[in-house]
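Down below is the structure, laid out as structure tokens.
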Amino acid sequence: MRAVTISVAGNSEWGEILESRFVELKDGDTVADLLIRALKASKLAYETSGSGALFYVRGIDGLFEFDDGPTSGWHYRVNGKELGVGAGSYKPEPGDAIEWIYESEDPAARDDKGTGT
Amino acid sequence: MSEGFGARALHPVVLLVYYAGGITFGMLLFHPVILLAGWAAALAVNFHLDRGRSWRSWSLPMAGGVLLLLVLNPLISHRGRTVWFYLGDTPITLESVAYGATMALSLSFLLTLFISYRLLMTEHKFLFLFARVSPKFALLVMMAAGLIPRLRRRMYELMRIQRMRGVTVSEGTVLERARSGARLVASLLAWTLEDALQTADSMQARGYGTGPRSAYLHFRFRIRDVVTICGLLAASGAIFALWAGGGGVLEIYPRLGSLALSGADRAAMLIYAAFLLMPLIWEWRDRSKWQALRSAA
Amino acid sequence: MEGSEQVASFAFRGVTFMYPEADRPALSGVNLSVKEGEFAVLSGPSGSGKSTLLRLLKREVSPGGRLNGTILLDDRPIEAWPAREAAARVGLVMQHPDQQLVVDTVEHELAFGMENLGFSRDAMRRRMAEMAGFFGLEPLLSRRTDELSGGQKQTVNLAAVLMLQPRLLLLDEPLAQLDPLSARELLGMIRRLNDEWGITVLMSEHRVDDLLPAADRVVRLEEGAVAFDGSPREFAREAWERRESAWLRALPAVTRWALERGLDDSALEPAAGFPVPLSVKEGRQWVRRIAEMKGVSAAPNGGDCSVVPTTDRRAENADPLTPAADMRAADSRKPLLEAEELFFAYDARSPAVLRGLDWTVRSGDRIALFGGNGSGKSTLLRLLAGLHRPQRGRIRLNGEPFSRIASRSLHARIGYLAQNPQLHFAFDTLREDLTHAAARIGALDPVGEALRMASRFGLTHALDRHPHDLSGGERQLGALAVVLLGKPELLLLDEPTKGIDAERKMRLAVHLEDIHREGATIVMATHDVEFAAAFANRCSLLFQGEIVADDMPGSFFRGNLFYATPLHRLLGGDCSRSADRAERGEALR
């Protein structure tokens, strides 16, 4: 089976929402598809808008953008790097590690929160 | 019972406090069980006033609104943390269901309250309150209330007669209809303005503008009004205190709290119900007097 | 109410008043003084300055313009009165009941004046109680004003004015828009106010039959000047001596009749104990005394029926059909409009206005339709005009049922003139309205047609005016012109003589006769018994939704107490024939 790992980390209050786990990688899956699959498997709630290139995550497990301030929101990294591409556009390779991180402040000014607290 | 008895006898200011409180707390006490109790109380009031007849005519739209919120909110909002099930890829959280339900209850409650408002707060009472605030506006409202039926009748007549000679909105091309419609409205307006001159004369002839006006409309503050207002204010104070302390509200977001009622919740509910049922005290009292008279006769 | 020193309630001293852009003064050199407690009637043709005079006495509604001379109220110049006192001292009731009402309920309307003057609530309640009691308004207090009848509205207006306890009551044609019954009731109330409360009354009216007997004083204005000022009987004499038709028309029919009878009999002088009668009752007494004097046996109705030359009410050439000829002709005329078993209600919850009505209008008829207030006269006309459809029953025009006639054609063939002529105008100038009407029936030269119709009714000068700027008479004729451009076979008129003076009535009668001569059948819903007597060839009575009487005017009026002209009432019974003739103006010796 081809798989990637996905983890979701919230802010200090929420802590780790989803510990790193394997998710099956199917043909044509984007980061967005994988996220949804992972969350559903763990019975987590989420709110997204748009699809394809316009896919956008507004909230996961009740933690929403702007909850921590005007620049807070959800970002994702593949293998430790922010790709700057919409999650609905990027198709990962097997073995990639995808991290979803909630940034309380603008990335330019943030501390490294990493996965898990 | 007619005006003069029961809840209908209450002074407009008392009614104002009642409804202001009812609505405010209906929005502050965001707990489905409390709102359910409130709704039941408001229904009881409605039932006592007119056997719920007015309410019945609203029941269908109300049910529609409730259903809409119940169904729509979970579909739109996914702010909760407890997922109930997935509709395709859409998570339905318990929190949004609870929120939708509470919103729906709040809406029906406020609507029911409003229906009883229309039964208790007559035009005169409302005008009385308004006149306190802005006497000119109250006069304007009374004048408008007199003018509108007259205008409606005149428009109807005008349209009927002009229809006979082809100036009508019910035949012809769209342009012709529009033009006719404009003609009719212009005609009505010019006519009404001319009439208004005569009305102005009539007003001035009776001294309008010669000095400050007094108000004919008046309601006496009686014992039952004093008692009711004290009760309402006391209840309001208690509810507010409980609410400020965190009681009476259900934690919904981000994670649904327990539906069990805390002590504060219970207290808020009971006091709120008492608040809402207060006008009924007079209904029961006066009605029992009537019964007593009838059985004595 | 005679006192050694009677205060003048008001006085005009050398008053000349000119409206801003007028070329003639509206009032010139008016000297008039009315004592407290007097009941004065203001008479005069339209435009003679009656309204102006009344309004100058009420400061709040006085017109702007140049005023020379002084107006005194209780011996004080009117400008010197403080605002609130002035408003309370003089009350004004105007012609149109609707426009004077300000707010929505009767109670508020009555309280309005007192509120304006800042009365305390207790004072208002007291006055309200008293006034509501006097006028019998208590059951109406919580009603909405727009639900009241015309008579009730005008009563409310009067009561509202009286709330301020004025000492002088001005009335500008207050009865004009009312049906005879309401008018009589209102007049009765005004008389009571004058008799019992001593309120000075100055009232201008056209309908003088009931008024002159009640009045203390008659003031006649002509072109802004006082042409007469004296007692009603002196007025009657003066009118007779002047022989001016306008003056004579201002007299009650009975007075006119009596004056004409006394024409060659010097023994019938007031000095000889025969005061000119002003009412039917006085008329009867007068006739009886003549009978006694002449030694003629006094028949119950007064005997001697030899009568009366001309009343110059009608144009010289107009020749009414004699009753006998009329009857013969009637049966031979074919039916134009047939109504069968008409049932109609305005909505499902209201009672039926018409209940199984059957009626036939014959071609060439001139019908007067009578019926009490609310009997359904207007409704019947509207149904016949095709404005509403009856829920049950059929109407046929020349044998064709309404349902089969295209509405456009129907509305052209049947013309309908509403009570309020204003409803017939939709454009900004009279010219446009007329041209539109002419174009609608496909005239080849609508503009020309419009001009011709305008000149026929004497409206050429008014063609470019806005319908609102027309006088009442011009408006009515203008609406009639609009309707007539459709070349209708049948003309339905809803109370065309409501609120108009004798002069205008005459002119209207002439126009209607012309229209009739051109071949149109005319049906008129009316309360105006005298007009009907002079004009109609058939009278019908509507009651409880059906036609209960349908006869020639003579037989219709005979023996009636209410639907009868004053002369019929005076000369009733055997002399009704004479009364008929008197009405129709034929000389008979």
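The values are calculated or read from the model by the stated rules, or taken from the named source; none is laboratory data. Quick caveat, the model's predicted, so the values are computed rather than measured. Every residue, glycine among them, receives a Cβ derived from its backbone with ideal geometry; neighbour counts consider all protein chains shown.
So for the stretch C:480-501 (the condition being touching a Pro at 6+ places or on another chain (Cβ under 6 Å), crowded, with 18+ Cβ neighbours inside 10 Å and touching a residue at least 12 places away in the same chain (Cβ under 8 Å)), does at least one residue qualify?
no
Test each condition in (1) closer than 21 Å to C:T200 by Cβ; (2) more than 7 Å from chain B (Cβ to nearest Cβ) for C:V61 and report the one that comes out false.
Here C:V61 meets the rest and fails (2).
If you check C:K35 against the conditions, is it buried (at least 22 other Cβ atoms within 10 Å of the Cβ) and either out of contact with any helix residue (DSSP H, G or I) (no Cβ under 8 Å at 6 or more places or on another chain) or not assigned by TED's automatic domain parsing to the domain that holds C:I500 (or both)?
For C:K35, the condition - buried (at least 22 other Cβ atoms within 10 Å of the Cβ) and either out of contact with any helix residue (DSSP H, G or I) (no Cβ under 8 Å at 6 or more places or on another chain) or not assigned by TED's automatic domain parsing to the domain that holds C:I500 (or both) - is not met.
Please go through the stretch B:62-97 and give me each residue that is among the small types (G, A, S), within 14 Å of chain A (Cβ to nearest Cβ) and in contact (Cβ under 8 Å) with a residue 12 or more places away in the chain, ordered by number.
Correct list: B:S77, B:G80, B:S96.
Might you check whether a residue that is within 14 Å of chain B (Cβ to nearest Cβ), surrounded by fewer than 22 Cβ atoms within 10 Å (Cβ to Cβ) and either closer than 18 Å to C:L342 by Cα or touching a residue at least 60 places away in the same chain (Cβ under 8 Å) (or both) occurs anywhere in the stretch C:353-367?
no
Being of a type in the set (K, R), more than 19 Å from the chain's Cα centre (by Cα) and surrounded by fewer than 22 Cβ atoms within 10 Å (Cβ to Cβ), is that true of even one residue in the stretch B:107-121?
Taking every residue of the stretch B:107-121 in turn, none turns out to be of a type in the set (K, R), more than 19 Å from the chain's Cα centre (by Cα) and surrounded by fewer than 22 Cβ atoms within 10 Å (Cβ to Cβ).
The conditions are (1) touching a residue at least 12 places away in the same chain (Cβ under 8 Å); (2) within 10 Å of chain C (Cβ to nearest Cβ), and B:V169 fails exactly one of them. Which is it?
Only one criterion is unmet by B:V169, namely (2).
If we scan the stretch B:176-199, do we find a residue that is without any contact (Cβ under 8 Å) to a residue 12 or more places away in the chain, under 35 Å from the mean Cα position of the chain (by Cα), part of a helix (DSSP H, G or I) and facing chain C (nearest Cβ under 7 Å)?
yes
Could you list, ordered by first residue, the pairs with Cβ atoms under 8 Å in which the first is in the stretch B:205-229 and more than 7 Å from chain C (Cβ to nearest Cβ) and part of a loop (DSSP other than H, G, I, E, B) and the second is surrounded by 19 or more Cβ atoms within 10 Å (Cβ to Cβ) and polar (S, T, N, Q), at least 6 apart or interchain?
Qualifying pairs under 8 Å: B:G209/C:N116.
Kindly establish whether B:L280 is in contact (Cβ under 8 Å) with a residue 40 or more places away in the chain, within 27 Å of the chain's Cα centre (by Cα) and surrounded by 13 or more Cβ atoms within 10 Å (Cβ to Cβ).
Taking the combined requirement at face value, the residue satisfies it.
Would you call B:I161 of a type in the set (V, I, T), surrounded by fewer than 17 Cβ atoms within 10 Å (Cβ to Cβ) and within 30 Å of C:E432 (Cα to Cα)?
no
On the basis of being touching a residue at least 12 places away in the same chain (Cβ under 8 Å), at positive phi and either assigned by TED's automatic domain parsing to the domain that holds C:E109 or out of contact with any Lys or Arg (no Cβ under 7 Å at 6 or more places or on another chain) (or both), does C:E173 make the cut?
yes
Within the stretch B:238-257, can one find any residue that is of a type in the set (D, E, K, R) and part of a helix (DSSP H, G or I)?
No, there is no match, as no residue in the stretch B:238-257 is of a type in the set (D, E, K, R) and part of a helix (DSSP H, G or I).
Just one of C:A412, C:A426, C:A437, C:A479 is closer than 22 Å to C:R382 by Cα, within 12 Å of chain B (Cβ to nearest Cβ), among the aliphatic types (A, V, I, L, M) and assigned to a loop (DSSP other than H, G, I, E, B); which is it?
The conditions single out C:A426.
Six or more apart or on different chains, Cβ under 8 Å: which pairs go from a residue in the stretch C:87-110 that's without any contact (Cβ under 8 Å) to a residue 24 or more places away in the chain and within 8 Å of another protein chain (Cβ to nearest Cβ) to one that's buried (at least 24 other Cβ atoms within 10 Å of the Cβ) and not small (G, A, S)? Could you list them?
The qualifying pairs are C:V102/C:E109; C:V102/C:F112.
Anything in the stretch C:139-161 that is within 12 Å of chain B (Cβ to nearest Cβ), farther than 19 Å from C:D179 by Cβ and part of a helix (DSSP H, G or I)? List them, or say none.
Passing the criteria: C:A159, C:A160, C:V161.
Scan (1) more than 12 Å from chain B (Cβ to nearest Cβ); (2) touching a residue at least 12 places away in the same chain (Cβ under 8 Å) for the single condition A:D27 breaks and write down its number.
Every condition holds for A:D27 apart from (2).
Which of (1) among the polar types (S, T, N, Q); (2) touching a helix residue (DSSP H, G or I) at 6+ places or on another chain (Cβ under 9 Å); (3) free of Cβ contacts under 8 Å to residues at least 40 places away in the same chain is the odd one out, the single condition B:S236 does not satisfy?
If we test B:S236 against (1) among the polar types (S, T, N, Q); (2) touching a helix residue (DSSP H, G or I) at 6+ places or on another chain (Cβ under 9 Å); (3) free of Cβ contacts under 8 Å to residues at least 40 places away in the same chain, just (3) comes out false.
Could you please let me know if A:K81 is more than 14 Å from every other protein chain (Cβ to nearest Cβ), exposed (fewer than 14 other Cβ atoms within 10 Å of the Cβ) and among the basic types (K, R)?
yes
Looking at the stretch C:112-133, which of its residues are of a type in the set (S, T, N, Q) and away from chain B (no Cβ under 11 Å)?
None; the set is empty.
Could you tell me whether any residue of the stretch C:371-386 is out of contact with any strand residue (DSSP E or B) (no Cβ under 9 Å at 6 or more places or on another chain) and among the hydrophobic types (A, V, I, L, M, F, W, C)?
Checking the stretch C:371-386: not a single residue is out of contact with any strand residue (DSSP E or B) (no Cβ under 9 Å at 6 or more places or on another chain) and among the hydrophobic types (A, V, I, L, M, F, W, C).
Residue under question is C:R192, and the condition is that it be touching an Asp or Glu at 6+ places or on another chain (Cβ under 7 Å) and more than 21 Å from B:A205 (Cβ to Cβ); does it hold?
no
Working carefully through the options C:H468, C:H461, find the one that is surrounded by fewer than 17 Cβ atoms within 10 Å (Cβ to Cβ), of a type outside the set (S, T, Y), within 14 Å of chain B (Cβ to nearest Cβ) and at negative phi.
C:H468
Of the numbered conditions (1) free of Cβ contacts under 8 Å to residues at least 60 places away in the same chain; (2) out of contact with any Phe, Trp or Tyr (no Cβ under 9 Å at 6 or more places or on another chain), C:V156 satisfies every one except a single condition; which is it?
Failing condition for C:V156: (2).
Is there any pair with a first residue in the stretch B:243-265 that is crowded, with 19+ Cβ neighbours inside 10 Å and a second that is of a type in the set (S, T, Y) whose Cβ atoms are under 7 Å apart and which are 6 or more apart or on different chains, and what are they?
Note: pairs meeting the criteria are B:G247/B:S262; B:L250/B:T102; B:I252/B:Y99; B:L256/B:T82.
For A:G69, are the conditions met, namely being touching a Gly at 6+ places or on another chain (Cβ under 6 Å), in a loop (DSSP other than H, G, I, E, B) and of a type outside the set (K, R)?
In short, no.
When you look at C:G519, is it in contact with a helix residue (DSSP H, G or I) (Cβ under 8 Å, 6 or more places away or on another chain) and surrounded by fewer than 20 Cβ atoms within 10 Å (Cβ to Cβ), yes or no?
Judged against the criteria, C:G519 is not a match.
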